[in-house]
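Each remark here refers to the structure printed beneath this line.
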Amino acid sequence: MVHINDCPLCSSVNISLYLKCKDHFLSKEVFELFRCQGCGFVFTQDHPEENGSDRYYESDDYISHDDKSPGVLNKIYLLARKIMLTRKREIVESAAGLKRGSLLDIGCGTGYFAGAMKNAGWLVTGLEPNKKAREFSSRKFDLNIISPEQILKLSSDSFDCITLWHVLEHLNNPFQYAGEFVRLLKPEGVCIIAVPNCSSFDAQYYREYWAAYDVPRHLWHFNPHTIRIFSQRSGFKVERQLNLPFDVFYISILSERYRGSIAPLLKGMFIGKLFWILSVFRNQRSSSIIYLLRK
Ligand SMILES: [Zn+2]
């Protein structure tokens, strides 16, 4: 277990218990979230070491929502994924100002996004720690997928865009990675980071049942303020913020399920819609946020 004594963002020793959350998804173990009094950063205290975290990822569900899996939630997920693949491509092309370029997708999983970008004409490299997922995506999309240690071998200033779609919160060493991203991006390149927002309406409503805490797989729980500190410390500046429209629905339905609601789908859709409308006016409080970072 990794015990944190001072804030990873601002080094303050004023850190204290914020919430206790259960791993509803897999192990059912309880983990503590700590919050820094200095900068407000929230993180999972006593989280698993990088080489001891495999057992928290063992469900196949986590690696990939299979196209043939049953269940309403899975069907919703697949439909949302299809729409999101197009939306993500548009975001990349608009942020990079290119219709074709070089892309590094960190934590590419089963490769659906990386594959879609390759089909759109981009030169794509994927990085994925899970061997099974690496083999799947190489086979299915004929992609160039590397393992994490191979990132050091990639040439400097070689990518127009680096993407992390809900990946930063899983990384044991986010600062080390961010340093590599600065090295790998071309001077005009853009780093796109999508993460859950722990200051969102849904996070504050569901508290310890908020599905996007997802302990102990999520180690760091960012909000717009702490992502700015993270970016500055890493040599980036946040240029823009965008929203991910479906996350609030998916997260609300899962959170309703975690807290034992009788009709999680209906209730989650209702609450999700309410928060979605509110976040149109208060974008800082939307369930997930996409940050565009430049050197
Ligand atoms: Zn701090």
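Do you know the relative contact order of the chain, to the nearest whole percent, from alpha carbon pairs under 8 angstrom that are 6+ apart?
After rounding, I find 17 percent.
Before rounding to the nearest 500, sum -39500 (n - 2.57) across all DSSP H runs of length at least 4 in the chain and divide by the residue total; then give [θ] at 222 nm in deg cm²/dmol.
-11000 deg cm²/dmol
All other residues with a Cβ under 10 Å from the Cβ of GLU32 taken together, and with Lys, Arg as +1 and Asp, Glu as -1, what is their net charge?
Here the count lands on 0.
Can you work out the base-10 log of I(q)/I(0) for the chain at q = 0.17 1/Å, using the Debye formula on its C-alpha atoms alone?
-1.72
Give the aspartates and glutamates whose C-alpha is closer than 12 Å to that of LYS131, dropping any in the same chain fewer than 8 places away, or say none.
Counting by Cα, and skipping residues close in sequence, LYS131 has these aspartates and glutamates nearby: ASP54.
Near LYS186, which lysines are there with a Cα under 19 Å away, not counting those fewer than 8 places off in the same chain?
Answer for LYS186, where 19 Å is the Cα cut-off: LYS99, LYS153, LYS237, LYS295, listed by chain and number.
Local charge sum around ARG134 (other residues, Cβ-Cβ under 14 Å, Lys/Arg +1, Asp/Glu -1)?
-1
Report the Cys residues of the chain lacking a disulfide-compatible partner, meaning no second Cys Cβ under 4.7 Å from their Cβ.
CYS21, CYS108, CYS161, CYS191, CYS198
Which length gain, in nm to one decimal place, applies between HIS3 and SER155 when the Cα-Cα distance is subtracted from 0.36 nm times their residue separation?
51.3 nm
Once the other residues with Cβ under 10 Å from the Cβ of GLY272 are scored (Lys, Arg +1; Asp, Glu -1), what is the net sum?
-1
Run the quick spin-label model on ASN173 and ARG294: label points 7 Å from Cα toward the beta carbon, then report their separation in nm to one decimal.
3.0
On a straight-distance basis, which lysines could pair with LYS267 in a cross-link, Cα separation under 20 angstrom, same-chain partners fewer than 8 positions away excluded?
Hits, sequence-local ones excluded: LYS75.
Applying 1/(1 + (r/R0)^6) with R0 = 22 Å to the Cβ-Cβ distance of LYS82 and SER138, what FRET efficiency is obtained, to the nearest 0.05?
0.50
Summarise the long-distance tail of P(r) for the stretch 1-125 by giving the % of C-alpha pairs beyond 21 Å.
Looking at the stretch 1-125, the distances longer than 21 Å represent 60 percent of pairs.
Quick one: give the max-minus-min coordinate of the C-alpha atoms of the stretch 84-227 along each principal axis, largest first, in Å.
42, 33, 30
Need one word for the stretch 147-295: rounded, prolate or oblate. Basis is the Cα gyration tensor (sqrt eigenvalues a ≥ b ≥ c); a/c below 1.5 gives rounded, then a/b vs b/c decides.
It comes out prolate by the Cα gyration axes.
Please compute the length gained on full extension between SER261 and ARG207, using 0.36 nm multiplied by the number of residues separating them and subtracting their Cα-Cα distance.
18.0 nm
Where a number appears in this text, it was derived from the coordinates with a stated rule and is not lab data. Treat the numbers as computed from the prediction; the structure is a model and nothing was measured. Every residue, glycine as well, gets a Cβ built from its backbone with ideal geometry; the counts of neighbours run over all protein chains shown.
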